[in-house]
Amino acid sequence: MESCKQILQHGLETLEIDYSTDQLETLLNFILLIEKWNKTYNLTAVRNKDDMARLHILDSLTILPFIQGGRVADIGTGAGLPGIPLAIFLPDVEFILIDSNSKKTRFVQQAILELKLKNVSVQHTRVESLQANSLFSTVTLRAFANLQDIINLTKHLIAPSGILLAMKGQQPSIEEIQALSTPHSVIQLTIPNVEAERCLIKIEGVAEHG
């Protein structure tokens, strides 16, 4: 795990994220859990631990500066990404991790227990079926559909002053961006030591205009 540790240390420093020994150890333990469960649960196509450090952990943490408020929903969390890495660095923020795949939510529940994350819970449900007791200040997701469709799926969860953070690989088309009826910005992201293009679409005013 030494090379994995070095990748995380260098990446965190490049992203200018302060970290403690405990936080680094928790990230490494999370990678080991993904690797262990991946053999039977097929959580991710990424099999190499060093690649997990780059493509899962550091990728997730590129959006850390954009999280706002005290209550975050991570939609389609899969193996707990980006929710668990973010929660490790935001211990005072409540994270609800949501996925419709029961194998993945079972893994996430186990990871929460083993990593002793007090600020994280998981729900096995589809996003459109989720009824939140209180609305979320930030909703995160990997952009799996057209942005306007994503807004329509999540608007019932977002507080009036809340934001939607959609993580994408390549930048959306001009047409897709122009079709948005809410205030938004496209933010270019760089994952340390990863060539692939990444961007974040920050969408505001979803609750009022979605």
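Values for this structure:
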{"quantity": "Relative compactness, the range 1-84, computed as alpha-carbon Rg over 2.2 N^0.38 Å", "calculated": "1.08"}
{"quantity": "Label point distance in nm, Glu25-Ser121, each placed 7 Å from Cα along Cα→Cβ", "calculated": "2.8"}
{"quantity": "Distant-in-sequence amide H partners of Ile158 (H built 1.01 Å from N, under 5 Å)", "calculated": "Phe136"}
{"quantity": "Karplus (6.51, -1.76, 1.60) ³J(HN,Hα), θ = phi - 60°, over the range 35-44, in Hz, Gly and Pro reported as x", "calculated": "4, 5, 6, 4, 5, 10, 9, 6, 6, 8"}
{"quantity": "Phi to ³J(HN,Hα) by Karplus 6.51 cos²θ - 1.76 cosθ + 1.60 over the range 150-161, Hz, x for Gly, Pro", "calculated": "5, 4, 4, 6, 10, 4, 6, 9, 9, 5, x, 9"}
{"quantity": "Whole-Å semi-axes of the ellipsoid equivalent to the chain (Cα gyration tensor, √5λ, descending)", "calculated": "26, 19, 16"}
{"quantity": "Across Lys5/Lys155; Lys39/Lys202; Lys103/Lys155; Lys36/Lys202; Lys5/Lys168, pairs whose alpha-carbon gap is larger than 31 Å", "calculated": "Lys5/Lys155; Lys39/Lys202; Lys36/Lys202"}
{"quantity": "Fewest-first sequence of Thr182, Thr62, Thr21, Thr125 by Cβ atoms within 10 Å of each Cβ", "calculated": "Thr21, Thr125, Thr182, Thr62"}
{"quantity": "In the range 171-210, the GluC sites (Glu not before Pro) that fall in loop regions by DSSP, at most 11 other Cβ within 10 Å", "calculated": "Glu195"}
{"quantity": "Inter-label distance, nm, simple model (7 Å from Cα along the C-beta direction), Asn193/Arg47", "calculated": "2.1"}
{"quantity": "Ranked list, fewest to most other Cβ atoms within 10 Å of each Cβ, for Val186, Val127, Val194", "calculated": "Val186, Val194, Val127"}
{"quantity": "Under 5 Å, built H, 5+ apart or other chain: amide partners of Arg198", "calculated": "Leu189"}
{"quantity": "For Thr125, distant residues with modelled amide H under 5 Å away", "calculated": "Asp99, Ser100"}
{"quantity": "Trypsin sites (Lys or Arg not before Pro) restricted to DSSP loop in the range 117-210 with at most 11 other C-beta within 10 Å", "calculated": "Lys118"}
{"quantity": "For the range 86-210, diffusion coefficient by Stokes-Einstein and Kirkwood Rh (Cα), 20 °C, 1.002 mPa s, µm²/s", "calculated": "136"}
{"quantity": "Rounded Å value of the spacing that divides the Cα centres of the range 144-189 and the range 63-89", "calculated": "16"}
{"quantity": "The range 2-52: trypsin sites (Lys or Arg not before Pro) in DSSP coil with no more than 12 other Cβ atoms inside 10 Å", "calculated": "Arg47"}
{"quantity": "For Leu130, net neighbour charge (Lys/Arg +1, Asp/Glu -1) across residues whose Cβ lies under 14 Å away", "calculated": "0"}
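Values quoted throughout were computed directly from the atomic coordinates according to the rules given, and no laboratory measurement underlies them. Quick caveat, the model's predicted, so the values are computed rather than measured. Heads up, the Cβs are rebuilt from the backbone with ideal geometry, glycines too, and the neighbour counts pull from every protein chain shown.
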